[in-house]
1. Which one is nearest to residue A:245 (Cα to Cα) among residues in the stretch A:296-313 that are surrounded by fewer than 16 Cβ atoms within 10 Å (Cβ to Cβ) and modelled with pLDDT of 95 or more?
2. Could you please let me know if residue B:52 is part of a loop (DSSP other than H, G, I, E, B), within 14 Å of chain A (Cβ to nearest Cβ) and surrounded by fewer than 20 Cβ atoms within 10 Å (Cβ to Cβ)?
3. Please indicate, with yes or no, whether at least one residue in the stretch B:104-116 is facing chain A (nearest Cβ under 9 Å), more than 26 Å from residue B:208 (Cα to Cα), surrounded by 23 or more Cβ atoms within 10 Å (Cβ to Cβ) and at pLDDT below 95.
4. Return the pairs, sorted by first residue and then second, in which the second residue is assigned to a strand (DSSP E or B) and of a type in the set (S, T, N, Q), the first residue lies in the stretch A:305-319 and is more than 7 Å from chain B (Cβ to nearest Cβ) and touching a residue at least 12 places away in the same chain (Cβ under 8 Å), the beta carbons are less than 9 Å apart, and the residues are 6+ apart or on different chains.
5. Could you give me the residue pairs with C-beta distances under 6 Å whose first residue belongs to the stretch A:28-42 and is in contact (Cβ under 8 Å) with a residue 24 or more places away in the chain, whose second residue is in a helix (DSSP H, G or I) wherever it lies, and which are 6+ apart or on separate chains?
6. Select from the stretch C:47-72 the residues that are outside any strand (DSSP E or B) and touching a residue at least 12 places away in the same chain (Cβ under 8 Å) and list them in ascending order.
7. Out of everything in the stretch A:186-213 that is surrounded by fewer than 18 Cβ atoms within 10 Å (Cβ to Cβ) and outside any helix (DSSP H, G or I), what residue ends up being nearest to the other protein chains (Cβ to nearest Cβ)?
8. Consider residue A:293 carefully, then state whether it is surrounded by fewer than 21 Cβ atoms within 10 Å (Cβ to Cβ), under 24 Å from the mean Cα position of the chain (by Cα) and more than 14 Å from chain B (Cβ to nearest Cβ).
Amino acid sequence: MKKDRISLAHGGGGSLTKRLIKEAFLPPFRNPILEVLDDSAVFKIEKGRMAFSTDSYVVNPIFFPGGDIGRLAICGTVNDLAMSGARPLYLSASLIIEEGFLLKDLKRIIASMKEASKEAGIEIVAGDTKVVNKGGADRLFITTTGIGIIGEGIDISGVNARVGDVVIVNGYLGDHGVAIISERERLDFRTKLISDCAPLNHLVADMLKASGKIHVLRDPTRGGLVTVLNEVAQSSGVGIEIFEDKIPIREEVKGACEMLGYDPLYVANEGKLIVLIVPQDADKVLKVMHKNKYGRNAKIIGRVVKKPEETVLLRTQIGGSRILDMLVGEQLPRIC
Amino acid sequence: MRFVDEFRDPKLARKLLDGIKGLTPDREVNLMEVCGTHTVAIFKHGIKELLPQGVNLLSGPGCPVCVTPMETIDRAIALAGLPGIIFTTFGDMIKVPGSSSSLEEAKAQGKDVRIVYSSLDALRIAKENPKKKTIFFGIGFETTSPSIACTLSRAKKEGIKNFFLLSAHKLIPPAMKAILEAKEVNLAGFISPGHVSTIIGSRPYEFISKEFGTPCVISGFEPLDVLQSIYMLLLQIRERKPKVEIQYRRCVKPEGNIKAQKELDKVFEISDSSWRGLGTIPNSGLRLRKEFSSFNAEKAFDVQIESSPEPKGCLCGEILRGVRIPVECSLFVKECTPEHPIGPCMVSSEGTCATYYKYHRRKDYEKR
Amino acid sequence: MCLGIPAKVTSIDEGMAEVDVGGVRRKISIQLLKYVRIGEYVLLHAGFAIQRIDEKEAQETLKLLEEINEVR
């Protein structure tokens, strides 16, 4: 095996593993907790409540317009923590690498993880690397796990939606999904669209400062806007009504979706959140969102209603309505 | 003009709805949207509930997911399972259940099943994989078949020997005739398929008004198009002057697209064809001409398909013809759900059964 | 049964054309059309242009809709 590729020995626990950690991982991620290199990260905890979340990233392609699997792995877990109202502190990262993976690609991904961590203001305090035989994994999988601290008096959960709440989204929907599809499916689309992949914890912190009456926060990743709204409607036993002419979707996303027969409301996002909040505080929160670079295009798109229960309803541009159900599987390109 | 948002204007929509209200007769009027894409548009824009009481829209047979016979799906799955095959098709067909499996399941079992956006992409795959044989599962109506014809002409010209077509192409006017002849539903008019008509024009529908006295309007797919078509149909009904009209004038000419018709005619000839739910309809399908028979996957590969009866209890056939409704089916909700569809009407999210399913589960939702 | 979307022709090259749909570009076949000009809109279906879109007719349809209540 050439030196420019990852070999099975890199994951064997021997000297090559040590060298990989010391040369590739430690310098960019260096912090007092990590550099001890004990079997577990040890740190002090603040009092109060903690949020704890984990997610695996298997995105294909691993490099895509606007990001890569490394940035995604950091932002995804940071955002999951932030959606509970937590301030993310520490992450662990576990990599499963396919034998033969280019070392320079790994270094690029690590650099991107570091950049995203810096932006989010979190530290990576534990990690692991395994190498599997060629064909045993599709190039690279990353699992990140994170913990965060929830401030006093904050109670954010999918069960908290109340009739009358307004629904806010922080910007254009569907960018990530379409950016990925056009790279992956060999559909030969050319678009300037880039993934919206971003850490949203600072935006959430601004919002929490502005209002103590945020009921629900969710990030519409897989399955898009409709999926998370359905989850909330079901958990809280309410109806959610959204307005077609208020939902921000870029022309490129609309165009690509029309070509493929997709519905952009089901397309994945990686830097978006939805907020359900009492109507009195909506303007306050919108104001701080508009000041943050990840909330510049924030908008009210709907509201929580009593009936129909556990249902998401779209009010269409021409004045009709339709039920937006969860998808059974993923969307497929179609001609009909 | 971008030909999309202009035709979604809410003010004009309200105007049309007022006009429709003014024309709605006292008796119930059943209008059939023949094309599945119309069904999708009506569903997507929430048009049905905006219409006045008494104007009913019925979904017709224009959805390949619904009308492709189970035997053809079984054949597709069998072909995809042969060694050295790359099986390509449009995403529409991937989840359609055959008698015991689907292409999606075949893919999960490791068969090389690929979704393409265009038949030309399938041809490209064949060229890139000279050691394998690439089969394209061609579905769809007159809108789609000329493009498939074009692709085959090109394959022939370039002398490509590892590309094959499993053809399930069908023709729309004969199916409309079969529905009229069956007289199972009382139809007051047809919302005719706009994109099929870009190819065939308006003339092939003349028999509908002349022989059957049924009004027929060729419609576009934006909400204003559909509403205007309903308005035009009601006007014809009131004046008792059935004719074939084109609402979708920006894309449909009376003579259609003659170049596309020629391309189609070069490669395919008309044959009888079997439709799920409707049975065999004379002259309603397309088969490859002799000069193109070397591309015929059914001849090139020997697979045995047992004739498979429709799933026991499934009413999709009757539902497709507008004779029964999903709640009358003993499988509906109990065994047949969007997660585990038994019949084709449950497969696509706009299928009649899938739509009913959505509303069924919400008893408190006011649905007319 | 047949999705067809308006797409603007941005360049033409031997039976193929590049089209633009809301900023997304793709190469499509124009073999089914007798002719087409750059800047025109075509109806795109499954990778093929199946018809040219007639802007004058579109405008007339909309005009007709504007007048609909006056007619009655």
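The values are calculated or read from the model by the stated rules, or taken from the named source; none is laboratory data. Note that the structure is a prediction, hence the values are computed from the model and not measured. Counting neighbours? That spans all protein chains shown, and the Cβs are built from the backbone with ideal geometry, glycine included.
1. So the residue we want is A:297.
2. yes
3. yes
4. That search, which allows pairs on different chains as well, returns A:313/A:321; A:314/A:321; A:315/A:321.
5. The qualifying pairs are A:28/A:110; A:28/A:114.
6. C:47, C:53, C:55
7. Per the criteria, the residue is A:190.
8. yes
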